[in-house]
1. Only one of (1) under 25 Å from residue 121 (Cβ atoms); (2) open to solvent by 20 Å² or more (accessible area, probe 1.4 Å); (3) touching a helix residue (DSSP H, G or I) at 6+ places or on another chain (Cβ under 9 Å) is not met by residue 99, so which one is it?
2. Return the total of residues in the stretch 180-211 being of a type in the set (Ser, Thr, Tyr) and buried (at least 22 other Cβ atoms within 10 Å of the Cβ).
3. Which condition number does residue 23 fail, the rest of (1) open to solvent by 60 Å² or more (accessible area, probe 1.4 Å); (2) touching a helix residue (DSSP H, G or I) at 6+ places or on another chain (Cβ under 8 Å) being met?
4. When you go through 260, 235 one by one, which is the residue that is modelled with pLDDT of 95 or more and touching a Leu at 6+ places or on another chain (Cβ under 6 Å)?
5. Which of the residues spanning the stretch 115-128 are open to solvent by less than 10 Å² (accessible area, probe 1.4 Å) and outside any loop (DSSP other than H, G, I, E, B)?
6. Which one of the conditions (1) small (Gly, Ala, Ser); (2) more than 21 Å from residue 151 (Cα to Cα); (3) surrounded by fewer than 20 Cβ atoms within 10 Å (Cβ to Cβ) does residue 86 fail to meet, given that it meets all the rest?
7. Quick check on this structure: which one of 59, 42 is at pLDDT 95 or above, under 22 Å from residue 78 (Cβ atoms), open to solvent by 30 Å² or more (accessible area, probe 1.4 Å) and out of contact with any strand residue (DSSP E or B) (no Cβ under 7 Å at 6 or more places or on another chain)?
8. May I ask you to verify whether residue 223 is farther than 26 Å from residue 117 by Cβ, surrounded by 22 or more Cβ atoms within 10 Å (Cβ to Cβ) and at pLDDT 95 or above?
Amino acid sequence: MKILITGAAGLVGSHLARRLAGEHEVLALRHGDLDITDRAVVGRCLLHEKPALIFNCAVLQVDDSEQQPAKAEAVNVAGPRCLAEAANDIGAEIVHFSTQYAFAGEPVGRLPYTLHDEPRPVNNYGRTKVAGEAAVRAACARSFIVRTSWVYGSGKESFLCMVHNDLKAGKKVCAIDDIWSSTTYVADLIERVMVIRSTGNYGTYHVVNDGICSYYEFALEAGQVLGLTRGQIDLLIEITHERDMKRAAARPRYTPLRCLLSEQLGLPPMRDWRAALAEYVGKGELE
């Protein structure tokens with residue numbers, strides 16, 4: 001089938017494009033290729049291309065959303081609405097990626113968030129992402145909302161994506177120890193999303209690897225997978241705290257996710273985060 005991907009320069013979008021190109025006709029669009037906030041342009045593009053499935057991976061990230069609220073409203077809310085309206089007009093399905101930042105993250109140690117939990121975002125990124133979800137649901141009945149968390153994989157210069165490489169190179173890293181969430185290996189995210197899409201069961205899904213960790217615990221596990229001793233790891237990892245980071249946007253402290261809809265469909269839990277991380281680090285070792 002024909003698949004259109006927006007935000008194709010990002011981590012999820014780029015991996016989606018590579019994963020699906022062998023089986024489908026994929027149109028991978030970056031911001032310069034399509035301004036999703038322009039309703040007329042989006043409508044013409046989708047009418048011309050007529051994709052059967054749209055993945056919206058375009059997003060304005062956390063601190064940028066706090067500092068540029070108007071742009072966050074445009075990219076995270078208006079853009080998804082334009083795509084969903086156009087998808088509805090041509091009879092396409094849309095998969096819209098969202099975030100654990102929908103939730104407040106309190107108290108620490110609470111049960112993982114499910115669809116029964118009301119979104120209570122603590123920053124503008126979370127607020128606009130929740131509004132974007134609602135806009136997609138309202139505009140297109142053939143929609144899948146996929147909330148995910150702490151996504152990592154090759155091709156991005158983020159802590160989760162790069163910490164194993166830094167440790168392997170003997171570089172010191174700073175790791176936050178007072179924020180916890182679910183982590184998601186991008187390859188696992190894509191495989192599960194494709195399974196969900198094949199069910200035709202539209203709705204909101206939480207797609208993450210099983211288990212909970214902090215950034216520090218993630219780094220510790222990466223070091224252990226590399227075969228470093230605990231002494232070596234302790235010399236390389238400097239523990240820091242979110243309260244000392246002085247970032248533009250507040251971060252929720254504890255946001256693990258659980259997918260009730262997947263369970264109702266009989267889908268097994270995704271593999272434990274440690275197993276997913278071991279595969280990711282192992283692939284890097286082979287390259």
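The values are calculated or read from the model by the stated rules, or taken from the named source; none is laboratory data. If you're wondering where the values come from, they're calculated on a predicted model, not measured in any experiment. Cβ coordinates were reconstructed from backbone atoms using ideal geometry, including for glycine residues, and neighbour counts include every protein chain displayed. Side chains included, ligands, DNA and RNA excluded: accessible areas come from the protein's heavy atoms. Shrake-Rupley method; radii C 1.70, N 1.55, O 1.52, S 1.80 Å.
1. With (1) under 25 Å from residue 121 (Cβ atoms); (2) open to solvent by 20 Å² or more (accessible area, probe 1.4 Å); (3) touching a helix residue (DSSP H, G or I) at 6+ places or on another chain (Cβ under 9 Å) applied to residue 99, the lone miss is (2).
2. Summing the residues that are of a type in the set (Ser, Thr, Tyr) and buried (at least 22 other Cβ atoms within 10 Å of the Cβ) in the stretch 180-211 gives 6.
3. Going through (1) open to solvent by 60 Å² or more (accessible area, probe 1.4 Å); (2) touching a helix residue (DSSP H, G or I) at 6+ places or on another chain (Cβ under 8 Å) one by one, residue 23 breaks only (2).
4. 260
5. Selection gives 126, 128.
6. It fails just one condition, (3).
7. Exactly one of 59, 42 is at pLDDT 95 or above, under 22 Å from residue 78 (Cβ atoms), open to solvent by 30 Å² or more (accessible area, probe 1.4 Å) and out of contact with any strand residue (DSSP E or B) (no Cβ under 7 Å at 6 or more places or on another chain), namely 59.
8. So residue 223 passes the test.
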